[in-house]
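Just below is one structure, and these are the notes that go with it.
Nothing in this text is a laboratory measurement; each read-out follows from the coordinates by a stated rule. Given the structure is predicted, the values throughout are model-derived calculations rather than measurements. FYI the Cβ positions are ideal-geometry reconstructions off the backbone, even for glycines, and counts take in every protein chain you see.
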Amino acid sequence: MPSLSTTCCIAGGGPAGMMLGLLLARAGVDAVVLEKHADFLRDFRGDTIHPSTLEILHELGLLDDFLKLPHQKVHALTVQIGGETVPIADFSHLPTRCKFVAFLPQWDFLNFLAERGARFTSFGLRMRAEVVGLLEERGRVVGVAVDTPEGRLDVRAPLVVAADGRHSIVREKANLPIEKLSAPMDVLWFRVSRRPDDPDTGLGRFRPGRLFVLLNRGDYWQCGFVIAKGTFDDIQRTGLPAFRESVAALVPFAADRVTDIRSWDDVKLLTVLVDRLTTWYRTGLLCIGDAAHAMSPVGGVGINLAIQDAVATANLLAEPLRRGTLTDADLRRVQERRALPTRIVQRFQVLAQNRVVAPVLASRARTLTVPFVLRLFVRFPWLRRIPARLIGIGFRPEHVETAARG
Ligand SMILES: Cc1cc2nc3c(=O)[nH]c(=O)nc-3n(C[C@H](O)[C@H](O)[C@H](O)COP(=O)(O)OP(=O)(O)OC[C@H]3O[C@@H](n4cnc5c(N)ncnc54)[C@H](O)[C@@H]3O)c2cc1C
């Protein structure tokens with residue numbers, strides 16, 4: 001069986017895996033990221049790079065180059081409820097270098113990390129490398145089994161990091177205990193073409209029974225149509241014309257383009273999961289990002305949390321990995337550092353899902369009224385700094401503590 005040895009083998013080239021690979025390689029630790037797809041060009045990942053992630057890029061000396069990529073700066077978040085535009089977050093007062101959320105397709109972000117990682121000799125990235133199993137010896141994880149176009153490959157390492165997302169195969173194979181939280185919705189994901197005279201940002205639109213998100217991707221809108229969990233079959237039964245009509249009612253400026261949705265094949269169902277591991281590690285294995293805690297799309301903070309996990313992991317593990325002294329206690333420290341911020345964010349997400357998303361989706365009223373709490377944001381602009389802080393920075397922000405050695 002062909003095999004490869006490294007110091008840290010990372011399953012999954014999403015935000016958590018790519019950032020960890022870059023940080024470890026920069027700190028002089030050999031790291032190989034295994035990504036099952038041939039490229040990063042997938043649609044379902046979310047397009048938000050938050051102020052705290054931009055801060056990390058600054059600490060790595062990458063911010064200026066990153067901001068040269070085409071992106072949109074969003075300084076404040078608003079949602080449309082009924083006919084009213086309600087401001088909910090104002091990032092302009094954050095104590096960060098960038099006081100905005102950068103919107104750009106996630107594949108641009110991941111390609112950027114891949115390109116920067118490749119400048120370190122310790123960095124390895126294998127595309128079309130799907131982790132299919134764990135290699136174990138005497139109860140200890142010692143590597144992963146990988147399917148590649150050339151056949152099976154064993155990758156051996158003192159540490160395997162599962163960063164393979166919310167359907168993580170690694171955490172499943174490791175039998176780590178999972179706590180499931182409620183997720184009352186799913187998302188239908190599709191594109192509608194965009195014209196230069198369309199608005200710049202779409203973001204959230206709330207109507208009775210409807211919750212819709214629009215992301216500006218230049219020549220098209222990436223649309224997220226939030227539906228009650230398990231109702232996609234019913235929506236399909238009512239037919240494509242009815243679905244197109246409901247989209248047109250939500251985005252009247254693009255009503256003439258809903259025929260871009262030619263068939264149900266153009267509409268992807270994204271199942272929303274919210275869960276977390278009660279133990280993030282086993283000897284030789286650590287889970288981070290969505291593999292440790294699947295995040296709801298609410299607040300668009302999952303990428304940020306995944307990056308923060310990667311930074312904490314590199315801060316705590318680079319030294320023991322380099323010295324060859326890694327123990328379970330080191331892995332436990334990562335969980336202890338990141339579990340609390342995760343629980344707090346998930347608590348807010350579940351609260352928003354139950355108090356806002358589910359009632360909006362269940363509403364049969366003629367029109368939605370702006371809830372009292374959100375009226376306060378209109379009346380007292382300084383209140384918008386609170387959600388800005390929660391979304392833009394989160395709890396226990398991480399900073400790069402590893403020195404560049406690569
Ligand atoms: C509908 C929806 C919209 C969202 N929108 C946003 C948003 O706008 N902003 C935001 O911050 N968060 C958003 N999120 C949450 C966000 O997508 C995740 O929290 C974030 O992507 C987690 O990053 P990650 O690196 O842990 O995992 P992922 O981004 O899921 O990356 C995992 C990677 O591992 C790879 N992989 C999987 N299995 C294997 C395997 N066996 N072998 C090798 N590679 C493998 C995958 O191909 C993928 O590249 C959204 C979530 C959903 C469901």
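Annotations for the structure displayed:
- Fraction of beta bridges assigned by DSSP in segment 4-117 that are antiparallel (%, nearest 5): 75
- Between THR279 and ARG347, the modelled labels are 2.5 nm apart [label points 7 Å from Cα along Cα→Cβ].
- Each residue, GLU245 and HIS167, gets one label point 7 Å from its Cα in the Cβ direction; the gap between the two is 3.3 nm.
- Where Cα atoms sit under 22 Å apart: lysine pairs in the chain separated by 8 or more or lying on different chains: 6
- Amide H within-cut-off set for VAL274, under 5 Å, with H built and near neighbours excluded: LEU181
- Each of ARG42 and SER263 was given a label point 7 Å from its Cα along the Cα-to-Cβ line. The distance between the two points is 2.3 nm.
- Euclidean distance of C-alpha centroids, segment 197-267 and segment 29-99, integer Å: 23
- Net +/- balance of residues flanking LEU153 in space, Cβ distance below 14 Å, scoring K and R +1, D and E -1: 0
- Alpha-carbon Rg/Rh ratio, for the chain, with Rh computed the Kirkwood way: 0.98
- Positive-end extreme of charge dipole, the chain - chosen from ILE10, TRP280, PRO371 (charges on Cβ): PRO371
- Using θ = phi - 60° in the Karplus curve 6.51 cos²θ - 1.76 cosθ + 1.60, the 3J(HN,Hα) couplings for segment 297-305 round to x, 4, x, x, 10, x, 5, 4, 5 Hz; x is entered for Gly and Pro.
- Square roots of five times the Cα gyration tensor eigenvalues for segment 179-266, Å: 22, 16, 11
- Amide H contacts of SER3 (H built 1.01 Å from N, under 5 Å, at least 5 apart or other chain): ASP154
- Amide H contacts of ILE81 (H built 1.01 Å from N, under 5 Å, at least 5 apart or other chain): VAL86, PHE206
- Fraction in percent of alpha-carbon pairs per bin - 10 Å, segment 324-406: 12, 29, 28, 16, 10, 4, 0
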